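What follows is a set of notes on a single structure, which appears directly below.
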Amino acid sequence: MDGKDFIELEEKYGAHNYHPLDVVIAKASGVWVTDTEGKEYLDCLSAYSAVNQGHVHPKILSALIEQAQKVTLTSRAFRNDKLGLFYQKLSEMTGYEMSLPMNSGAEAVETAIKLARKWGYEVKGIPQDQAEIIVVDGNFHGRTISIISCSTEPAYRKDFGPFTPGFITVPYNSAHAIEKAITPNTAAVMIEPIQGEAGVIIPDEGYLREVEKICYTNKVLLVSDEIQTGLGRTGKLFAAQHENVRPDITIIGKALSGGFYPISAVLADRHIMGLFKPGEHGSTFGGNPLAAAIGYAALSVIEDEKLVENSEAMGAYLLDQLSEINSPHIKEVRGKGLFIGLELNPGSGGARRFCEALKERGILAKETHHHTIRFAPPLVIDKQTIDWALPRIREVLFLP
Ligand SMILES: *Cc1c(COP(=O)(O)O)cnc(C)c1O
């Protein structure tokens, strides 16, 4: 069987809910992936920032193999000897007192919504079933019914209603709009500090700090979705730290496993997380010993290899170099750390064809929102590899 056969199988037997580039990856290591024909590509998507540590990181792989030979799943009906250490590591690294482990990012967002509502009723005194959560235009928080209920993207919503009530949408990048939308029933504001799926949209300097202040003044929780921006992607552990903001609740996922396994978590201090009582929330796989061992190793790699610092340094270099490309196609290059969006002019025919052309030259990037190419390689990338990629990216951006 070759690449074409595998594509045919996917097309015939799998749901068509994605539109992938036709590269069939058979193995990977660090920043490189290899297709079924043996051709190598530089991965500039990192599985939407799930492999920040690089593909098949040896230390995380060892942790997985070692733990998989001992015990993989106990359910939370019993305790295991890995979960406590994972909690402790999370707390020490992030500064939050407690965490709640789930699997996918969407599940962690659902968990945060439940936690914020519960806080709204039990602490703030919002009348039953009246809690509101403010979200912003262009958000992406996942794909469950409740989460798409707060989406403003027609493709995510059409034909999937009826929706979950309790979400109020305001324009992104306007603290004033949030302030105006707050009512006595507002439990939380939920936000991505930098919008990923919307096309690496960075709000104005000071926005998040202002939102934090408004939340504090009005007794509203600030919930930050750092599933994509967190764990070093933007050159800080969390993107909110660029503004010295410490949200009440932070949601992480993706790179929490370094790409080995779906692991997500909600982070908060005791006075909020402590509101969950036995039986009120759970997950069969959440917090299992295999996930805890992998998560512990994935966090350790970020620390030990100084990936946050490398993201900052390499990101600044890549952003600077991309900004110097004088192509008529480029509308804007923006980014923080190794989270970079290159937006093309509307007349350039969309980002897809540029991603196809990059693929031909050995670079995998994915279009986001039609006109933006996202460059988000694993955080282990070095300058030499960036210098290998730059002439290829330049060439593609001068295609007619
Ligand atoms: C990917 C992502 C999610 C959803 O995570 P899944 O693991 O795909 O459910 C939520 N929020 C943001 C910001 C994301 O990038």
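Laboratory data are not the source of any read-out in this text; all were calculated from the coordinates shown. All of these numbers come straight from a predicted model, not from anything done at the bench. Ideal geometry is used to build each Cβ from the backbone, glycine not excepted, and the neighbour counts take in all protein chains shown.
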Ranked highest first by the average count of other Cβ atoms within 10 Å around their residues, in what order do 355-366, 289-300 fall? 289-300, 355-366
Intensity falloff of the stretch 58-304 expressed as log10 I(q)/I(0), Debye formula with alpha-carbon point scatterers, at q = 0.08, 0.15, 0.16 Å⁻¹: -0.29, -1.04, -1.17
Hey, can you grab everything whose amide H is under 5 Å from the amide H of PHE167? Only 5+ residues off in sequence or another chain; H modelled, so Pro and N-termini drop out. ILE133
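Find the relative contact order for the stretch 58-304 and round it to a whole percent, using C-alpha pairs within less than 8 Å whose residues are 6+ positions apart.
31 percent
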In the stretch 1-93, the chymotrypsin sites (Phe, Trp or Tyr not before Pro) that sit in a DSSP loop and have at most 12 other Cβ atoms within 10 Å of their own Cβ are TYR18, PHE78
As I understand it, the dipole of the stretch 58-304 uses +1 on the Cβ of Lys and Arg and -1 on the Cβ of Asp and Glu, about the Cα centre. Which of LEU267, ILE65, HIS141 lies farthest toward its positive end? ILE65
Here the stretch 246-254 yields Karplus 3J(HN,Hα) values (6.51, -1.76, 1.60; θ = phi - 60°; whole Hz; Gly and Pro given as x) of 10, x, 5, 10, 10, 10, 10, x, 6
Pulled fully out, how much extra length does the chain show between LYS59 and GLU360, if you take 0.36 nm times their separation in residues and subtract their Cα-Cα distance? 105.2 nm
Points 7 angstrom from Cα along the Cβ direction at TYR216 and HIS176: gap in nanometres? 2.3 nm
Taking every DSSP beta bridge that has both residues in the chain, what percent is antiparallel when rounded to the nearest 5? 65 percent
Can you give the alpha-carbon Rg of the stretch 192-271 over 2.2 N^0.38 Å, where N counts its residues? 1.10
Fully extended, how many nm does the chain gain between ARG394 and ARG352 (0.36 nm per residue separation, minus their Cα-Cα distance)? 13.5 nm
Would you mind checking LYS254/LYS359; LYS89/LYS236; LYS39/LYS59 for any pair whose Cα atoms are more than 19 angstrom apart? LYS254/LYS359; LYS39/LYS59
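What length, rounded to one decimal in nm, is gained on full extension from THR74 through to ASP2, with 0.36 nm per residue of separation minus their alpha-carbon distance? Numbers along the way, then the final one.
On the way: separation 72, 0.36 × 72 = 25.92 nm, distance 3.95 nm.
Gain in length upon complete extension: 22.0 nm.
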How large is Rg over Rh for the stretch 269-400, taking Rg from the Cα atoms and Rh as the Kirkwood inverse mean of 1/r across Cα pairs? 1.14
